[in-house]
Amino acid sequence: MVSNRPLAIAVLGLRLHISLMWGGTLAAKLNHPIPTLHRFPVAPYLSPNIAMDNSTPAIYFQDLEKRFGSLSVLNGVNGQINRGEVVSIIGPSGCGKSTLLRCFNHLETINGGQLLVDGMDLAKPNLTRKQLLGLRAKVGMVFQQFNLFPHMTVLGNLTLAPRKVLGQAAKESSRMARFYLDKVGLGEKADSYPDQLSGGQKQRVAIARALCMQPDIMLFDEPTSALDPELVGEVLMVMKQLAEEGMTMVVVTHEMQFAKEVGDRVLFLNQGRVEEEGDAREVLSSPRSDRLRTFLSRMSGTLA
């Protein structure tokens with residue numbers, strides 16, 4: 001019998017979206033081998049809602065505010081994430097990146113402004129549990145830590161939420177789980193336990209777990225920050241493949257090369273505001289603001 005608390009953690013973990021392949025240019029900048037990923041058609045398991053009307057933003061936010069007591073973290077943040085777009089959120093520590101991302105699936109409630117995610121008004125007070133479960137089934141999230149159940153096999157971790165939350169039959173949830181494990185290059189690890197995996201493998205399992213919920217939008221909160229440098233590439237290549245397949249992705253990251261080569265746009269946050277935004281290559285190659293130039297100079301080791 002699974003208690004409510006671990007189930008809730010599993011549901012959050014399952015929303016973590018993404019899976020993409022890593023191009024040669026990017027791979028060449030890493031001094032470690034990148035395993036081969038298996039290509040599969042997007043159908044039948046990616047949500048059909050990915051092909052929604054592209055005129056409606058996946059995420060829209062205006063004058064967004066978030067406070068923790070007297071501390072103001074987000075101070076009137078504006079922007080939107082279009083469907084099928086990969087947007088990287090960058091900025092110095094403490095600028096509000098992760099807080100903004102957590103607002104997008106209501107892990108943090110906003111204190112002011114507008115926030116629409118996949119058509120749902122998250123500024124509306126008193127959202128019901130049913131509404132939040134519906135939101136988090138469509139908005140996957142991948143965290144810095146993997147949040148895998150150590151007492152369950154990889155396959156068990158992937159099938160738990162689809163069975164408990166979506167009501168899938170065991171056979172169907174197992175078929176979907178194996179599909180996504182193959183997709184992230186870990187089909188042979190279905191019967192392994194988390195402590196038998198490397199950090200990079202655990203994060204790829206977490207990504208596959210999120211995809212099993214068939215999300216429309218994937219949120220990534222520094223998914224490689226807890227990994228050893230030689231394991232970063234295998235996770236980023238999975239994210240790259242997801243991007244190539246049209247998944248809407250918002251990525252908080254310090255991987256500037258990934259943001260530049262894979263991202264469509266970049267949002268640079270500073271002191272709780274969007275200080276600069278635009279085309280990823282243009283912003284990262286020719287920043288306009290002094291603060292962004294200073295930030296990128298300190299991150300120069302990761303830029304081409």
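The values are calculated or read from the model by the stated rules, or taken from the named source; none is laboratory data. Please read these numbers as outputs of a predicted model, since none were measured by experiment. All Cβ positions, even for glycine, are placed from backbone atoms using ideal geometry, and neighbour counts span all protein chains on display. Remember, those area values only see protein heavy atoms, side chains included, never the ligands or the DNA or RNA. Shrake-Rupley method; radii C 1.70, N 1.55, O 1.52, S 1.80 Å.
Worth pointing out:
- Counting only residues at least eight positions apart within a chain, or on another chain, the lysines with an alpha carbon under 22 Å from that of LYS66 are LYS97, LYS124.
- Heavy-atom surface analysis with a 1.4 Å probe gives the range 58-186 a carbon and sulfur content of 48 percent of its accessible area.
- Size descriptor, Kirkwood hydrodynamic radius, that averages inverse alpha-carbon separations across the range 91-141, Å: 11.6 Å
- At 1.306 mPa s and 10 °C, Stokes diffusion of the range 146-304 via Kirkwood alpha-carbon radius, µm² per second: 93 µm²/s
- Relative to the 2.2 N^0.38 Å rule of thumb, the range 71-111 has a C-alpha radius of gyration ratio of 1.21.
- Kirkwood hydrodynamic radius (C-alpha pairs) into Stokes-Einstein, the range 161-249, 4 °C and 1.567 mPa s, D in µm²/s: 94 µm²/s
- If the chain linking THR109 and ASP191 were pulled fully straight, counting 0.36 nm for each residue of separation and taking away their Cα-Cα distance, it would gain 25.7 nm.
- Difference of contour (0.36 nm per residue) and Cα-Cα distance, GLU172 to SER198: 6.6 nm
- Distance from the alpha carbon centroid of the range 68-101 to that of the range 184-204 works out to 31 angstrom.
- The mean of 1/r over all distinct Cα pairs in the range 47-166, once inverted, gives the Kirkwood hydrodynamic radius of 16.1 Å.
- Volume of the Cα convex hull of the range 208-263, divided per residue and given in Å³: 82 Å³
- Taking all protein chains into account, the per residue accessible area for the range 96-170 stands at 43 Å² (1.4 Å probe).
- Gain on full stretching of the segment that runs from ARG129 to GLN80 - 0.36 nm per residue minus C-alpha separation: 15.1 nm
- Accessible surface, per residue, of the range 212-304 when the full set of protein chains is kept, probe 1.4 Å, Å²: 36 Å²
- Within the straight-line cut-off of under 22 Å between alpha carbons, the lysines reachable from LYS130 are LYS138, LYS164, sequence neighbours fewer than 8 places apart in one chain being disregarded.
- Rounded to the nearest 20 debye, dipole of the range 181-252 from Cβ charges on Lys, Arg, Asp, Glu: 100 debye
- Within the accessible area of the range 234-287 (1.4 Å probe), percent carbon and sulfur: 35 percent
- Within-12-Å neighbourhood charge of GLY91 [Cβ basis; K, R +1; D, E -1]: 0
- Amide H to amide H, with H built 1.01 Å from N, ASN270 comes under 5 Å of GLU275, counting only residues 5 or more places away or on other chains.
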